[in-house]
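Below is one structure, written out as structure tokens; the observations come after it.
The values are calculated or read from the model by the stated rules, or taken from the named source; none is laboratory data. Everything quoted here is computed from the prediction, not taken from an experiment. Note that we place each Cβ from the backbone using ideal geometry, even for glycine, and neighbour counts take in every protein chain shown.
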């Protein structure tokens, strides 16, 4: 399989493009294994990588994030063991490092050995490509699910949050994160341009879960709270964080306070 990946990235122009393609291919492979093993009865795909793979936004993403939606027969250790076994059967050199981020999040780093060397992206045989894999085992209530099918580069199906629920998760991250993660703001811009309205039940429940207080946001007040956060944002940090993940660097110019204010206030 590594030979197949190497042939697919050979014609890409830059190492950045090749690295992003390689990581995305491995992410899709992991998702296909999860579907094959029936895990999308238990978990739903969320986060920035879901936006990239399902809705084809123009930025790459690092992590695979999920929410637990059905506890029946859910065992994180068994899930990870299954992933490792299936990846090894496909001749990948796999190393894992489990990590408890917080009580409600099951987390593991899946490290692919040799793949950077064998695809010509690193001169070091021991350098690894890591994908963080996380499942929120106690997600706030109020989400809505949808299902999507894929046919390229692999055939599989998965469950995921709908756009309003995904947007609620992104707003929660922006409002609660203590630093600027540029990828959040790129995704926010995509939601706003697409006219997506957040799932307010989920957003309020998410904020209550982390702050112990339900803010009772409605169709107007969520924008006011977001604008307050945006006006404290250092957009130079936003640009620096997200640039390496963009397919089209010219999109950086869209991420300004003035643009966000224009869209949110009209």
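Residue 28 fulfils the conditions (1) outside any helix (DSSP H, G or I); (2) in contact with a strand residue (DSSP E or B) (Cβ under 8 Å, 6 or more places away or on another chain) except for a single criterion, (1).
The set of residues in region 216-230 being surrounded by 15 or more Cβ atoms within 10 Å (Cβ to Cβ) and not in a helix (DSSP H, G or I) consists of 217 alone.
Limited to region 85-102, what total is found for residues that are closer than 24 Å to residue 138 by Cα and in contact (Cβ under 8 Å) with a residue 24 or more places away in the chain? Residues in region 85-102 being closer than 24 Å to residue 138 by Cα and in contact (Cβ under 8 Å) with a residue 24 or more places away in the chain: 1 in total.
Quick grid of which residues meet (1) surrounded by 15 or more Cβ atoms within 10 Å (Cβ to Cβ); (2) touching a residue at least 24 places away in the same chain (Cβ under 8 Å):
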site: 73; (1), (2): no, yes
site: 76; (1), (2): yes, yes
site: 120; (1), (2): no, yes
site: 124; (1), (2): no, no
site: 133; (1), (2): yes, yes
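For every residue, the table says whether it meets (1) surrounded by 15 or more Cβ atoms within 10 Å (Cβ to Cβ); (2) more than 13 Å from residue 154 (Cβ to Cβ); (3) at pLDDT below 95.
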| residue | (1), (2), (3) |
| --- | --- |
| 3 | no, yes, yes |
| 9 | yes, yes, yes |
| 29 | yes, no, no |
| 34 | yes, no, no |
| 38 | no, yes, no |
| 42 | yes, yes, no |
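Scanning region 66-112 for residues that are assigned to a strand (DSSP E or B), within 18 Å of residue 41 (Cβ to Cβ) and modelled with pLDDT of 95 or more returns 66, 67, 68. Kindly indicate whether any position in region 235-243 is over 20 Å from the mean Cα position of the chain (by Cα), modelled with pLDDT of 95 or more and under 20 Å from residue 59 (Cβ atoms). Yes; the residues of region 235-243 include at least one that is over 20 Å from the mean Cα position of the chain (by Cα), modelled with pLDDT of 95 or more and under 20 Å from residue 59 (Cβ atoms). When residue 250 is tested against (1) within 14 Å of residue 171 (Cβ to Cβ); (2) modelled with pLDDT of 95 or more; (3) over 20 Å from the mean Cα position of the chain (by Cα), just one condition goes unmet, and that condition is (1). In region 152-211, counting only helices (runs of 4 or more DSSP H) that sit wholly within it, none holds 2 or more residues that are out of contact with any helix residue (DSSP H, G or I) (no Cβ under 7 Å at 6 or more places or on another chain), more than 17 Å from residue 56 (Cβ to Cβ) and free of Cβ contacts under 8 Å to residues at least 12 places away in the same chain.
In region 215-240, what residues are without any contact (Cβ under 8 Å) to a residue 12 or more places away in the chain and farther than 19 Å from residue 253 by Cα? Those that are without any contact (Cβ under 8 Å) to a residue 12 or more places away in the chain and farther than 19 Å from residue 253 by Cα: 215, 220, 221, 224, 228. Among the residues of region 31-61, the ones that are part of a helix (DSSP H, G or I), closer than 21 Å to residue 136 by Cβ and in contact (Cβ under 8 Å) with a residue 24 or more places away in the chain come to 15 in all. Does residue 247 fit the bill of being in contact (Cβ under 8 Å) with a residue 40 or more places away in the chain and closer than 26 Å to residue 21 by Cα? Answer is yes for this residue.
Screening 123, 139 for residues that are in a loop (DSSP other than H, G, I, E, B), under 17 Å from the mean Cα position of the chain (by Cα) and not assigned by TED's automatic domain parsing to the domain that holds residue 166 leaves exactly one candidate, 139.
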